[in-house]
Amino acid sequence: NFSKNHVCFYDSLDLVSQSSLSSGTLDAYEWLFSDGDTAYGASITHFFADSGVHQIILSATSDSGCTASLVDSVYKYPRFEVSFLANDTCIGQGSSFINTSILEGGSYTDTLWTTSLGDSLFTYDFNAVFDTVTNITIQLIMEQDSFCSDSLSQDIIIYPLASADFNSLNLCLGDTTQ
């Protein structure tokens, strides 16, 4: 027997043999993977390049040369990458943060936006108006199928507004100005 967990796309799979023997010792462990790789040891790490269901065969051999095998499978979640569009803006003007994340399978189960100002909102896209001239970090945190999560942070600048003003002079037709 061996312990296993499903794995997110960019993560490696940790496997631990739970094989036992009533007497004697287990001398060898061989792991065969559906992607053609092989590993040896009671505890190993393996990376599957593709998502989907992957078969794993564990063979445990005792000090007397007896071998038992177990076939099981693990699920690797499809690739997803968190991304969004963000632009610098001016104080008091609206700013839109457009979620451009890629999900190759499954579904998003949570989408959380946070700012370094303490704002947070569960929504797919995020709109805000900022009333302070500052640098702000915007973070998008997403969860896939209530299992895999990823995040991305981007910094934006909130600029001050220009102050438009003018003076009118009392001039007559034909007067010159300086």
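Residues that are in contact with an Asp or Glu (Cβ under 6 Å, 6 or more places away or on another chain), farther than 30 Å from N135 by Cβ and free of Cβ contacts under 8 Å to residues at least 60 places away in the same chain: does segment 110-117 have at least one? Give the steps one after another, and end with the answer.
Going residue by residue through segment 110-117, those that are in contact with an Asp or Glu (Cβ under 6 Å, 6 or more places away or on another chain) are 110.
From the residues that got through so far, the ones that are farther than 30 Å from N135 by Cβ too are none.
No.
Might you let me know whether segment 160-174 holds any residue that is assigned to a strand (DSSP E or B), open to solvent by 50 Å² or more (accessible area, probe 1.4 Å) and in contact (Cβ under 8 Å) with a residue 24 or more places away in the chain? Before the answer, list the steps.
Filtering segment 160-174 down to residues assigned to a strand (DSSP E or B) leaves none.
Checked against the condition, which is being assigned to a strand (DSSP E or B), open to solvent by 50 Å² or more (accessible area, probe 1.4 Å) and in contact (Cβ under 8 Å) with a residue 24 or more places away in the chain, segment 160-174 yields no hits at all.
Being open to solvent by 60 Å² or more (accessible area, probe 1.4 Å), of a type in the set (F, W, Y) and assigned to a loop (DSSP other than H, G, I, E, B) is the filter here, so list the residues in segment 96-144 that pass it.
Y124
How many residues are in a loop (DSSP other than H, G, I, E, B), more than 31 Å from the chain's Cα centre (by Cα) and either surrounded by 15 or more Cβ atoms within 10 Å (Cβ to Cβ) or on the phi < 0 side of the Ramachandran plot (or both) if we restrict to segment 19-61?
So the answer is 6.
Restrict the check to segment 91-105 and report whether at least one residue is closer than 24 Å to H6 by Cα and among the hydroxyl-bearing types (S, T, Y).
Checking segment 91-105: at least one residue is closer than 24 Å to H6 by Cα and among the hydroxyl-bearing types (S, T, Y).
Just wondering, is there one or more residues in segment 129-139 that are closer than 28 Å to G52 by Cα and charged (D, E, K, R)?
Checked against the condition, which is being closer than 28 Å to G52 by Cα and charged (D, E, K, R), segment 129-139 yields no hits at all.
Every residue, every condition in (1) polar (S, T, N, Q); (2) out of contact with any His (no Cβ under 9 Å at 6 or more places or on another chain); (3) under 30 Å from W113 (Cα atoms), yes or no:
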position	(1), (2), (3)
N1	yes, yes, no
D11	no, yes, yes
S17	yes, yes, no
A28	no, yes, no
D35	no, no, no
S64	yes, yes, no
T67	yes, yes, no
D72	no, yes, no
R79	no, yes, yes
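I need the full set of residues from segment 1-18 which are of a type in the set (S, T, N, Q), over 26 Å from the mean Cα position of the chain (by Cα) and open to solvent by less than 50 Å² (accessible area, probe 1.4 Å), in order please. Lay out the reasoning, then the answer.
Step one: of segment 1-18, the residues of a type in the set (S, T, N, Q) are 1, 3, 5, 12, 17-18.
Adding the requirement that they be over 26 Å from the mean Cα position of the chain (by Cα) leaves 1, 17-18.
If the condition is that a residue be of a type in the set (S, T, N, Q), over 26 Å from the mean Cα position of the chain (by Cα) and open to solvent by less than 50 Å² (accessible area, probe 1.4 Å), then S17 is the only one that fits.
The values are calculated or read from the model by the stated rules, or taken from the named source; none is laboratory data. Every value quoted in this text rests on a predicted model; they were computed, and no experiment measured them. FYI the Cβ positions are ideal-geometry reconstructions off the backbone, even for glycines, and counts take in every protein chain you see. Side chains included, ligands, DNA and RNA excluded: accessible areas come from the protein's heavy atoms. Shrake-Rupley method; radii C 1.70, N 1.55, O 1.52, S 1.80 Å.
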